[in-house]
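Asker: One structure, as structure tokens, below. Some questions next.
The values are calculated or read from the model by the stated rules, or taken from the named source; none is laboratory data. Remember, it's a predicted structure, so these values are computed and weren't measured experimentally. Quick reminder, even Gly has a Cβ in these numbers, built from the backbone with ideal geometry, and neighbours come from all protein chains shown. Heads up: the accessible areas ignore ligands, DNA and RNA and are worked out on the full protein's heavy atoms, side chains in. Shrake-Rupley method; radii C 1.70, N 1.55, O 1.52, S 1.80 Å.
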Amino acid sequence: MVIGIFWATVCLLIFLGVLSLDIMGFFSRGNKFQVEGRTILLTGASYGMGRELAKMLSERGANVILVARDVKKLQDALEYAKSFAKNPSTQSFHIISADVTSESENTRLLAEATTWNNGKVPEIVWANAGSAIPQLFIETSIETLRKQMDINYWAAAYLAHKTLKAWLYPETPYPTQDRNQGKIKSEPTRHFIITSSSVAFVNIAGYSPYGPPKSALRGLADSLRSELLMYNGARRSATSTSQAPAPFDVNIHTIYPGTITSPGHKNENETKHQVSHLLESSDPVQSETEAATAVIRGLESGRDMVPTNWLGELMRLSSLGGNPRENIVKDTVGQWLTSILWLFINPDMDGKVWGWGKKEGMPAFKSGK
């Protein structure tokens, strides 16, 4: 029995090591997220992981449009990103102050970005804006629940709706290409990226204002990935219609960060219940730079679902459902292993929440934000 437990532990540690190296991009073959010379629109770019992402995209030669509300923070983030430019003489940078929870503001910011980019919709659009107000559900005001849905779901949904329509059905239709005249013109793939959260895989006590909209983002990304297969397939169809297809494929990517030491995390801790702190006490913590590095490497290795640490990867494996497998062997073995792990993890987490209530008793009602 002891020998069996020992070897099971060894296998698990080896598997976790492989996962960590995979997340960091050490097993990738070639860069599948080329950004040099391309224009990227990035929301939530003024601080936290977004600010680091803007810097890393600049380091790789991208033209970057930074979007957030606070103009001063945007200007600081702009200068920060520009200072790391790979090709300072040719790269361009721009800031747009906007409230991304508004549908009309998303229309405006995409139009401004397109005009600034010489009339072309940015090739890569990244819905990164978000914020967490973790509280117990019944202590959270309905207004806060709605605002959390607005910033953590609708901000990305609005931008996705505007961007995908502009890419696939532009105001000036794409010219029809005659397949009989030779090779069909093809442009580099467009990428729409959504920043969700690892809580989308496993929701826990105290995150009910934040977890549901992030879970909804995962559902949106899954739906869009499936729908875009139709448009990507239409590019290769011999059937002519009144609508010419876009001369490029469109890919959807979803990012699943865990705990990040950022100004946003400090704000979260102001409202977070102690039971949430207890449940997260053993979670890995990343700096803004570490998380952003894992994200970029995941995209460059061609991943559609990109957790930023080993715990997020285990969560992804345990909740794959009908999602495509990135690696049949790794994902199949990982799903099997995590199904066993959850036999122990779930009772432990539930026990901590139940034990808190038993030890502390019925809490006095606190009216949250």
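Asker: Around W116, with a cut-off of 15 angstrom between Cβ atoms, what is the net charge of the other residues, counting Lys and Arg +1 and Asp and Glu -1?
Answerer: Details: positive: R38, R108, K120; negative: E112, E123.
That sum, taken over residues with Cβ under 15 Å, equals +1.
Asker: What is the gain in length, in nm to one decimal, between Y174 and K72 on full extension, counting 0.36 nm per residue of separation less the C-alpha to C-alpha distance?
Answerer: Full-extension gain reported as 32.8 nm.
Asker: Still on this structure: GNM on the chain, C-alpha springs below 10 Å: top fluctuator among N267, N106, N327?
Answerer: N327
Asker: So, counting K/R as plus one and D/E as minus one, what does the shell of residues with Cβ under 9 Å around N309 add up to? Intermediate results must be reported in sequence, preceding the final value.
Answerer: Numbers: positive: none; negative: D283, E290, E313.
Net charge in that neighbourhood comes out at -3.
Asker: Mind jotting down the distance between the C-alpha centroids of the range 26-92 and the range 93-138, whole Å?
Answerer: 14
Asker: Another one. Within a Cβ distance under 11 Å of R69, other residues only, what is the Lys/Arg minus Asp/Glu net charge?
Answerer: In short, -1.
Asker: Leaving out ligands and nucleic acids, note down the accessible area per residue over the chain with a 1.4 angstrom probe, in whole Å².
Answerer: Computed with neighbouring chains in place, this is 51 Å² per residue.
Asker: Another question, if that's okay. Residues in the range 120-155, backbone N under 14 Å from the label point at S223 (7 Å along the Cα-to-beta-carbon vector): list them, ranges by number please.
Answerer: Under cut-off, by backbone N: 153-155.
Asker: Given labels modelled 7 Å from the Cα in the Cβ direction, how far is it in nm from E36 to E112?
Answerer: Roughly 3.1 nm, to one decimal.
Asker: Same structure again: How do F192, F84, F365 rank by accessible surface area computed with a 1.4 Å probe, from largest to smallest?
Answerer: F365, F84, F192
Asker: Please work out how much length the chain gains when fully extended from R236 to V353, using 0.36 nm per residue of separation minus the C-alpha to C-alpha distance, in nm with one decimal.
Answerer: Length gained, R236 through V353: 36.8 nm.
Asker: From the helices alone, meaning DSSP H stretches of at least four residues, give me the mean residue ellipticity at 222 nm for the chain, per-run term -39500 (n - 2.57), in deg cm²/dmol to the nearest 500.
Answerer: -15500 deg cm²/dmol
Asker: Right, another one. Within the set K55/K330; K272/K366; K32/K162; K120/K214; K120/K147; K72/K165, which residue pairs have Cα atoms separated by over 20 Å? Mind showing how you got there, number by number?
Answerer: Working: K55/K330 32 Å; K272/K366 12 Å; K32/K162 25 Å; K120/K214 30 Å; K120/K147 32 Å; K72/K165 31 Å.
Listed pairs above 20 Å: K55/K330; K32/K162; K120/K214; K120/K147; K72/K165.
Asker: For the chain, which whole-number percentage of the solvent-accessible area (1.4 Å probe, protein heavy atoms only) is attributable to carbon and sulfur atoms?
Answerer: That fraction is 58 percent.
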